[in-house]
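Note sheet for the following structure.
The values are calculated or read from the model by the stated rules, or taken from the named source; none is laboratory data. Treat the numbers as computed from the prediction; the structure is a model and nothing was measured. When we count neighbours, we look across all protein chains shown, and the Cβ atoms used for this are built from the backbone with ideal geometry, even at glycine. When the accessible area is computed, the model is the full protein with side chains, heavy atoms only, and any ligands, DNA or RNA have been set aside. Shrake-Rupley method; radii C 1.70, N 1.55, O 1.52, S 1.80 Å.
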Amino acid sequence: MRMILCLMTATLVLGCDAAKPDPAKVEQGPVDAPPHTHERGKMMLADAGPYHVALTAHLAKDGNELDVYIETDGDEPAPVALPLAQIVAKAKRSGDTKEYKLIFEPAPPDERPKGEAIGTCSHFVAKAPWMTRADMLTVVAEIEVKGKVRKVIWGEFSPLKFAHHDEPGAK
């Protein structure tokens with residue numbers, strides 16, 4: 001009996017230690033609240049800690065792009081400029097195993113809110129020449145917010161549905 005109690009105690013102790021999260025790992029929000037997405041107009045929203053990150057498509061005959069906007073969470077969202085030089089993401093088409101790397105870089109100054117401090121940005125753009133209007137994408141990015149890397153996931157993203165710009169002749 002004593003042997004069984006020792007084994008059970010060891011299993012519980014080891015099991016608890018193994019289940020402790022590593023603080024250096026990417027944060028995805030509370031355990032009881034899995035990442036989720038929602039929509040506002042032509043943008044698909046995902047959570048990044050205290051902020052929303054909006055994804056939208058720009059469909060043009062000279063090359064398609066994806067735009068990311070970082071903003072406050074609430075009824076009247078406002079841009080949040082973070083000290084990021086770029087945002088790296090990966091995209092996959094539905095039913096495809098190939099991954100596409102996306103490098104979101106700060107949008108040109110005339111496309112960003114006035115008054116953003118130098119070295120900060122709230123609007124990022126990535127070229128996506130492989131993307132078509134008919135695609136259904138899953139886009140995953142890791143964004144540092146308030147000292148923590150947050151995993152941001154946009155699932156079932158339709159470039160056509162979420163296109164803020166759609167030129168005739170765009171693929």
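Screening Leu102 on (1) closer than 18 Å to Asp135 by Cα; (2) touching an Asp or Glu at 6+ places or on another chain (Cβ under 9 Å); (3) among the hydrophobic types (A, V, I, L, M, F, W, C) shows it passes everything except condition (2). Taken over segment 38-79, residues that are closer than 15 Å to Lys161 by Cβ and part of a loop (DSSP other than H, G, I, E, B) amount to 3.
Taking segment 103-113 as the search range and keeping residues that are not aromatic (Phe, Trp, Tyr) and not in a loop (DSSP other than H, G, I, E, B), which one is surrounded by the most Cβ atoms within 10 Å (Cβ to Cβ)?
So, considering only residues that are not aromatic (Phe, Trp, Tyr) and not in a loop (DSSP other than H, G, I, E, B), the one surrounded by the most Cβ atoms within 10 Å (Cβ to Cβ) is Pro106.
Filtering Gly119, Gly95, Gly74 for residues that are under 17 Å from Glu156 (Cβ atoms) and loosely packed, with under 12 Cβ neighbours inside 10 Å leaves a single hit, Gly95.
Test Ala117 against the stated conditions and say whether it is touching a His at 6+ places or on another chain (Cβ under 9 Å), hydrophobic (A, V, I, L, M, F, W, C) and under 23 Å from Gly49 (Cα atoms).
Working: touching a His at 6+ places or on another chain (Cβ under 9 Å): no; hydrophobic (A, V, I, L, M, F, W, C): yes; under 23 Å from Gly49 (Cα atoms): yes.
Spelling it out, it is not the case that Ala117 is touching a His at 6+ places or on another chain (Cβ under 9 Å), hydrophobic (A, V, I, L, M, F, W, C) and under 23 Å from Gly49 (Cα atoms).
Residues of segment 147-168 being in contact with a Lys or Arg (Cβ under 7 Å, 6 or more places away or on another chain) and open to solvent by less than 70 Å² (accessible area, probe 1.4 Å), which ones? Steps first, please.
Of all residues in segment 147-168, those in contact with a Lys or Arg (Cβ under 7 Å, 6 or more places away or on another chain) come to 159-160, 162-164, 167.
Hits for segment 147-168 are Pro159, Phe162, Ala163, Glu167.
Taken residue by residue, segment 18-35 has at least one member that is open to solvent by 40 Å² or more (accessible area, probe 1.4 Å), farther than 30 Å from Pro129 by Cβ, in a helix (DSSP H, G or I) and modelled with pLDDT under 50.
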